[in-house]
Amino acid sequence: FVNNGVYGMTGGQMAPTTPESGRTTTSRKGNIENPFNIPYLAGAAGASYIARWTTAHVRQMERAFIEAFQKKGFSLVEIISPCPTYYGRMNEQATGLDQMRYYRYNSVVKHHANLADVEISLSGQIVVGRFVDIEKPYLPAPGRENGE
């Protein structure tokens with residue numbers, strides 16, 4: 001799940017993941033809604049693997065993808081990604097480099113963090129890490145009991 005806080009390919013409109021008070025082309029005075037907490041939603045859906053990294057964490061992101069692909073069941077890797085064209089410019093991070101610096105200096109690794117506590121705000125820490133990594137029994141789809 002690539003999360004840049006807006007619908008960036010269509011003009012930078014507010015999205016369900018726009019941080020509260022985040023300004024976009026359709027929320028010029030800031031988002032007044034609580035944004036979706038993507039890891040929390042995945043946990044509520046029963047995911048067996050949930051991780052979050054930023055684009056400033058390339059090695060960790062690569063490892064998370066490998067772990068997610070090897071996990072039986074639903075897995076989710078959220079990647080916090082810059083959108084300097086719209087979101088960054090409107091929220092005092094005018095360039096992609098500004099956003100990458102923000103990610104690097106404000107990310108805090110908290111493996112197995114409580115999913116309710118990993119919300120993203122406009123300014124402040126970004127909690128990253130491997131939040132959920134559990135084994136679930138494998139239940140083949142009906143008619144595929146022999147691994148077909």
Determine, yes or no, whether Asp98 is at pLDDT below 90 and of a type in the set (Asp, Glu). yes
Residue in segment 59-67 that is part of a loop (DSSP other than H, G, I, E, B) and either surrounded by 15 or more Cβ atoms within 10 Å (Cβ to Cβ) or at pLDDT 90 or above (or both) present: no
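Filter segment 93-105 down to the residues that are open to solvent by less than 50 Å² (accessible area, probe 1.4 Å) and either in a helix (DSSP H, G or I) or among the hydroxyl-bearing types (Ser, Thr, Tyr) (or both) and list them by number. Talk me through it step by step, then tell me what you get.
From segment 93-105, those open to solvent by less than 50 Å² (accessible area, probe 1.4 Å) are 93, 96, 99, 102-103; that's our starting set.
Gly96, Gln99, Tyr102, Tyr103 - these are the residues of segment 93-105 that are open to solvent by less than 50 Å² (accessible area, probe 1.4 Å) and either in a helix (DSSP H, G or I) or among the hydroxyl-bearing types (Ser, Thr, Tyr) (or both).
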Can we say Ala51 is surrounded by fewer than 15 Cβ atoms within 10 Å (Cβ to Cβ) and either at pLDDT 95 or above or closer than 16 Å to Asn3 by Cβ (or both)? no
Sort through Gln99, Gln125, Gln60, Gln70 and tell me the only one that's touching a Pro at 6+ places or on another chain (Cβ under 9 Å) and polar (S, T, N, Q). Gln99
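Suppose we filter segment 1-50 for residues that are part of a strand (DSSP E or B) and either free of Cβ contacts under 8 Å to residues at least 60 places away in the same chain or under 12 Å from the mean Cα position of the chain (by Cα) (or both); how many remain? Outline the logic, then answer.
To start, the set of residues in segment 1-50 that are part of a strand (DSSP E or B) comprises 2-3, 6-7, 13-14, 24, 27, 49-50.
Okay, now just the ones that are also either free of Cβ contacts under 8 Å to residues at least 60 places away in the same chain or under 12 Å from the mean Cα position of the chain (by Cα) (or both), so 2-3, 7, 13-14, 27, 50.
Summing the residues that are part of a strand (DSSP E or B) and either free of Cβ contacts under 8 Å to residues at least 60 places away in the same chain or under 12 Å from the mean Cα position of the chain (by Cα) (or both) in segment 1-50 gives 7.
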For the subset of segment 106-145 comprising residues that are in contact with a Gly (Cβ under 6 Å, 6 or more places away or on another chain) and part of a loop (DSSP other than H, G, I, E, B), which member is least open to solvent (accessible area, probe 1.4 Å)? Leu122
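The values are calculated or read from the model by the stated rules, or taken from the named source; none is laboratory data. Predicted model only: the values in this text are computed from it and were never measured. Glycine gets a Cβ as well: all are built from the backbone with ideal geometry, and neighbour counts include every protein chain shown. Calculation scope for accessible area: heavy atoms of the full protein, side chains included, ligands and nucleic acids excluded. Shrake-Rupley method; radii C 1.70, N 1.55, O 1.52, S 1.80 Å.
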